[in-house]
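Worksheet for the structure shown next.
The values are calculated or read from the model by the stated rules, or taken from the named source; none is laboratory data. Predicted model only: the values in this text are computed from it and were never measured. Please note: Cβ atoms are built from the backbone with ideal geometry, for glycine as well, and neighbour counts cover all protein chains shown.
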Amino acid sequence: MSRSFLDSGSRRAFLARGLGAIGVGAAIPEFVLRTAAAAPEPAESADRVLVVVQLSGGHDAISALVPYGHEEYAKVRQATRIADDQVLKINEELGLHPNLKGWKELLDQGAFAAVPGVGYPNTNYSHFTATEIWFAADPKGRDVGSGWLGRACDACLGEHRDQIPMIAVGTEKSPLSLSGKIQAAVCFNDPQSFRYRGDRNDPRRAELYKAMSQSVPEGAPGSVEWIARASAVANDASARIRRLASSYASKVDYPTTGLGRNLRVIAGLVSGGLGTRVYWTSIGGFDTHRGQRQRHDTLMTQLNDAIFAFQNDLAQQGQADRVVTITMSEFGRRVKENGSEGTDHGAAAAMFLFGSKLKAGVHGTHPSLTDLQGGGGGSLKHTVDFRSVYGTLLDGWLGVSSESVLGASFPGVDLLA
């Protein structure tokens, strides 16, 4: 290839076509700029990883972490009630849904924890607004302009200069939680379809990118020279993700559900040494206003099978000590059933955590089923602010100052071993 191409204005159009594929138009993701300024090869990382599983729709955690020992439970729940002899008992008060046998096994192994009664003051019952509040870790929601995990990765920039900091699997749109003021996430539904737009398996393009990757990026960030180098790095990054995902040989049988596929991809990227600190994925269907029992039973099976396979896979790959997985949902459900054998939008709910470096068991007590937020037909009152759980993970797991990310200090939860 002639030097004239690298010096010509035609590079700009060539590069612009490629940059459109990484979801930011003509902008270059920060991880690409930093990588271009550092080394072209991604570094192996022993850093701890946080995996977030979003339970979209508002999870009725009362039907997952069952307060079977509460006398009131049998009075307010009929159609959705889990019978005492079906509950996988944790203690005299609480137990797990019968379809969560894998979670119970993880608990017995010391790799499962639950925090009941998680929420925040003045709960918002809108799916969209409540989700944004949890994602931003702030009652202002989207108006904050960034998410808690994005801000956490912003704070890691000085230490991690050659990595893709955050990946969302199962979506083409980055959730607010992964939006930083500096950092941005990589997002894809299928890793094999994730590619820098300039990469079309065209030998001519491959030759051009190879030449650009070997050139020295002269000029300021944003110049054609700089974009050339950054574009080649973006191409390499997307290729590496595809390679790791396609070559991953797991000995664990994952369920063929969307969550199962997404967690298998994440396991492959973690085991492949990609160096990403935060992974996010989701499972929907939790807005159970009608006929909850059958749908929720199915969701519990899907969650159990996917997360149990994921944890076993990490253990077999020697990655279990590096990863903590959490579930979160925008709100819980009301304590009393509605007239359609379902439950309506509520307030507090349990969070579940998985990993070999956790202090296993239930942390805290379950909220009262009679002293409710909003009166007799109302919701569980929160006993733990969700930002306390976030803060514990930020300080103790990701090694980031929770106060700098959350804007305030919240009491910690004794979750980490």
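Quick notes on this one:
- Thr370 vs. criteria surrounded by 20 or more Cβ atoms within 10 Å (Cβ to Cβ) and in a loop (DSSP other than H, G, I, E, B): no
- All positions within region 319-338 that are part of a strand (DSSP E or B) and either without any contact (Cβ under 8 Å) to a residue 24 or more places away in the chain or of a type in the set (Asp, Glu) (or both): none
- Region 95-119: number of residues that are touching a Phe, Trp or Tyr at 6+ places or on another chain (Cβ under 9 Å) and either assigned to a helix (DSSP H, G or I) or surrounded by fewer than 21 Cβ atoms within 10 Å (Cβ to Cβ) (or both): 6
- Some residue of region 183-192 being touching a Pro at 6+ places or on another chain (Cβ under 9 Å), modelled with pLDDT under 85 and assigned to a loop (DSSP other than H, G, I, E, B): yes
- Residue, farthest from Arg277 (Cα to Cα), within region 362-417, restricted to residues that are among the aromatic types (Phe, Trp, Tyr) and in contact with a strand residue (DSSP E or B) (Cβ under 8 Å, 6 or more places away or on another chain): Phe410
- Among (1) on the phi > 0 side of the Ramachandran plot; (2) in contact with a helix residue (DSSP H, G or I) (Cβ under 9 Å, 6 or more places away or on another chain); (3) of a type outside the set (Val, Ile, Thr) - the single one Gly374 does not satisfy: (2)
- Of the residues making up region 373-404, those that are under 22 Å from Asn124 (Cα atoms) and part of a helix (DSSP H, G or I) are Phe386, Arg387, Ser388, Val389, Tyr390, Gly391.
- Residue match in region 398-416 (condition: surrounded by 15 or more Cβ atoms within 10 Å (Cβ to Cβ), under 18 Å from Ser329 (Cβ atoms) and over 20 Å from the mean Cα position of the chain (by Cα)): no
- Looking at Ala46, Ala26, Ala61, just one residue is at pLDDT 95 or above and aliphatic (A, V, I, L, M), and that residue is Ala61.
- Residue within region 145-166 that is touching a residue at least 40 places away in the same chain (Cβ under 8 Å), of a type in the set (Lys, Arg) and within 19 Å of Arg333 (Cα to Cα) present: no
- The conditions of being within 28 Å of Arg295 (Cβ to Cβ) and over 17 Å from the mean Cα position of the chain (by Cα) are met by Glu105.
- Within region 57-91, tally of residues that are part of a loop (DSSP other than H, G, I, E, B) and of a type in the set (A, V, I, L, M, F, W, C): 6
- For region 68-84, the condition of being in contact (Cβ under 8 Å) with a residue 40 or more places away in the chain, touching a strand residue (DSSP E or B) at 6+ places or on another chain (Cβ under 7 Å), polar (S, T, N, Q) and surrounded by fewer than 19 Cβ atoms within 10 Å (Cβ to Cβ) holds for none of the residues.
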